[in-house]
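The values are calculated or read from the model by the stated rules, or taken from the named source; none is laboratory data. Everything quoted here is computed from the prediction, not taken from an experiment. Neighbour counts are summed over all protein chains in view; Cβ atoms, including those assigned to glycine, are modelled from backbone coordinates with ideal geometry. Each accessible area value is taken on the protein alone, full model and side chains, heavy atoms only, with ligands, DNA and RNA left out. Shrake-Rupley method; radii C 1.70, N 1.55, O 1.52, S 1.80 Å.
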Amino acid sequence: MTIVVHPEDLTGEAELAAEIRHTIHAHPEVGLNLVQTQKTILEALASFGCQEVTTNVGGPEVASVVAVLRGKRPGRTIALRADTDALPLNENTGAPYSSRCEKRMHACGHDGHTATLLAVVKYLTQHTDFAGTLVAVFQPGEEGFAGARHMIEDGLVERFGIEEFYALHAEPSIPVGSVGFVSGYATANADIFEITYEGKGGHGSRPQFAKDPVVAMGETILALQTIVSRNAAPDKSCVVSVGCAQAGDPNGTSVIPQRSALYGTCRSYEPEVRDLIEKRICEIAHGIAAVYGIEAHPVYTRLYPAMYNTPEKVEKAIEYAKASLGEDRVQDFMRTAGGEDFSFMLNAKPGCLLRLGMKDAEHTSPVHNEHFNFNDKAIATGAAVLLTIALNQMAA
């Protein structure tokens, strides 16, 4: 028999969680060491009566919080994760609880993710007759700092006996009150590259005495696009984008510079495509350098692996979400080329991340935008779905 929690069962928890979200939203922090955010979460957990709380899993500079809630009956151990960090962006929402910090803003909904998980914890502290153990993971540093990797490497799974991971993420294209699921690869491998060319500088009027790294850089920008169009299989989508090209000085137009550099991002899904992109970037850089008689120094950095939602866990999660919200409020969602460090947790144990709808008349902005504000109406929806998934998987 399916255990079902509906959004209307969480009205009080959602209202309290929204107030906490506003506090977190007004005091955003970027990176791993979120001192104020961690303090706010700990105060909330203490007020709920949570007694088994661990901090700084991941290291002393990783302001994580892990709360453990044990049911009255034996069962499995399921983790729910919420990311807690903000972005380096100035806010322009006009909300009364807008960011009080210059160039810091919760523009990706992590304040709402945190609030939603707090609503889950609050509910379970009042409804303790469940099977198994829930591990609530509040993780900093998702936005480029790999907080999930730090926690996994510090033994998150082993220390708490976690068997599965689940999470959610705000999605402005889905109506509020609804959720979306992707089975299999849901986000991309998010990598960066740098190619530095070392040539021989000289006078622009005497190019025969120089070895021009700018020409090599220009040819490389075009050649990199052949990785997608001519090396990767047509059914394996990927992206290679140059985001920055640097050489010379605008005040030195008659100078052929000694050095040029390219910086960019790569996105892929399958591991073999990721390997291909790295290999071809290095081959292209060294090949062009050889043509022009200069040196190439390519560096490829793997940041976040692609997030793979375990298909059988997605299938069950969809079943639970439909029981909680109704069939018409659960939809398929497309995979995206964005990066998500929840992938490190899903590489360690099965599970999935679902997309939580934000869209209504007042909430139309995309994430990572100065106008984005998490929709408080979504807290009860997200908490109900996470609870329904967790309670059933703990009892399975």
Inter-residue pairs, beta-carbon under 6 Å, first under 27 Å from Gly243 (Cα atoms) and in the range 203-223, second assigned to a helix (DSSP H, G or I) and among the aliphatic types (A, V, I, L, M), 6+ apart: Ala216/Ile288; Glu219/Ile288; Thr220/Ile288; Ala223/Ile284
For Met151, which of the numbered conditions (1) at pLDDT below 95; (2) farther than 26 Å from Thr364 by Cα fails to hold? (1)
Check off (1) in contact with a Ser or Thr (Cβ under 7 Å, 6 or more places away or on another chain); (2) assigned to a helix (DSSP H, G or I) for Phe372 and give me the number that stays unchecked. (2)
Suppose we keep only residues that are in a strand (DSSP E or B) and among the hydrophobic types (A, V, I, L, M, F, W, C) within the range 343-369. Which one would you say is nearest to the chain's Cα centre (by Cα)? Leu353
Taking the conditions exactly as written (in contact (Cβ under 8 Å) with a residue 60 or more places away in the chain, within 30 Å of Glu327 (Cα to Cα) and not in a helix (DSSP H, G or I)), does Val30 satisfy them or not? no
Would you tally the residues in the range 70-104 being open to solvent by less than 50 Å² (accessible area, probe 1.4 Å), farther than 17 Å from Pro366 by Cα, assigned to a loop (DSSP other than H, G, I, E, B) and not hydroxyl-bearing (Ser, Thr, Tyr)? 3
Condition test on Ala107, is it closer than 18 Å to Thr133 by Cα and either part of a helix (DSSP H, G or I) or open to solvent by less than 20 Å² (accessible area, probe 1.4 Å) (or both)? no
Select from the range 156-194 the residues that are open to solvent by less than 30 Å² (accessible area, probe 1.4 Å) and either free of Cβ contacts under 8 Å to residues at least 12 places away in the same chain or of a type in the set (Ser, Thr, Tyr) (or both) and list them in ascending order. Tyr166, Ser178, Thr187
If we ask which residues in the range 229-268 are crowded, with 17+ Cβ neighbours inside 10 Å and free of Cβ contacts under 8 Å to residues at least 24 places away in the same chain, their number turns out to be 1
Tell me, please, whether a residue that is in contact with a His (Cβ under 8 Å, 6 or more places away or on another chain) and modelled with pLDDT of 95 or more can be found in the range 1-23. no
For Gly293, indicate whether it is on the phi > 0 side of the Ramachandran plot and touching a residue at least 40 places away in the same chain (Cβ under 8 Å). yes
Examine the range 38-58 for a residue that is aromatic (Phe, Trp, Tyr), at pLDDT 95 or above, in a loop (DSSP other than H, G, I, E, B) and at negative phi, and state whether such a residue exists. no
Looking at Gly326 and the list (1) touching a residue at least 60 places away in the same chain (Cβ under 8 Å); (2) out of contact with any strand residue (DSSP E or B) (no Cβ under 9 Å at 6 or more places or on another chain); (3) not acidic (Asp, Glu), which single condition is not satisfied? (1)
Within the range 228-241, is even one residue more than 16 Å from Thr301 (Cβ to Cβ) and touching a Gly at 6+ places or on another chain (Cβ under 6 Å)? no
Looking only at residues that are under 19 Å from Pro350 (Cα atoms) and surrounded by fewer than 24 Cβ atoms within 10 Å (Cβ to Cβ) in the range 125-136, which one is farthest from the chain's Cα centre (by Cα)? Gly132
